[in-house]
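Read through the structure below, which is laid out as structure tokens, and then see the notes.
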Amino acid sequence: MAIQWRKSSFSDDTEGGNCLELAVHEGEILMRESDHPDVIVRTTQQKLRAFLAGAKAGEFDDLM
């Protein structure tokens, strides 16, 4: 079964097509950068949910 990668609609191709892609596979959340597709980070839904909540709350705004 092929992994179905998804990217945000906010991603674009203006900087060489770089974007973060996500997929669900065998109960895990997989993440990769489109320009390095063979490097995959695995996490859980709970950890991703906590990270996204922090991002939405602005906890990482100083990194941009």
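Taken together, the values in this text are just the output of simple stated rules run on the coordinates, not laboratory data. Because the structure is predicted, anything quoted here is derived from the model rather than measured. Every residue, glycine as well, gets a Cβ built from its backbone with ideal geometry; the counts of neighbours run over all protein chains shown.
Odds and ends about this structure:
- Segment Arg42-Glu59, extension gain: residue separation times 0.36 nm, minus the distance between their alpha carbons: 3.9 nm
- For the peptides 31-43, 52-64, residues were scored by their other Cβ atoms within 10 Å and the scores averaged per peptide; the highest-first order is 31-43, 52-64.
- The residues packed around Ala23, meaning those with a beta-carbon under 12 Å from its beta-carbon, carry a net charge of +1 if Lys and Arg are +1 and Asp and Glu are -1.
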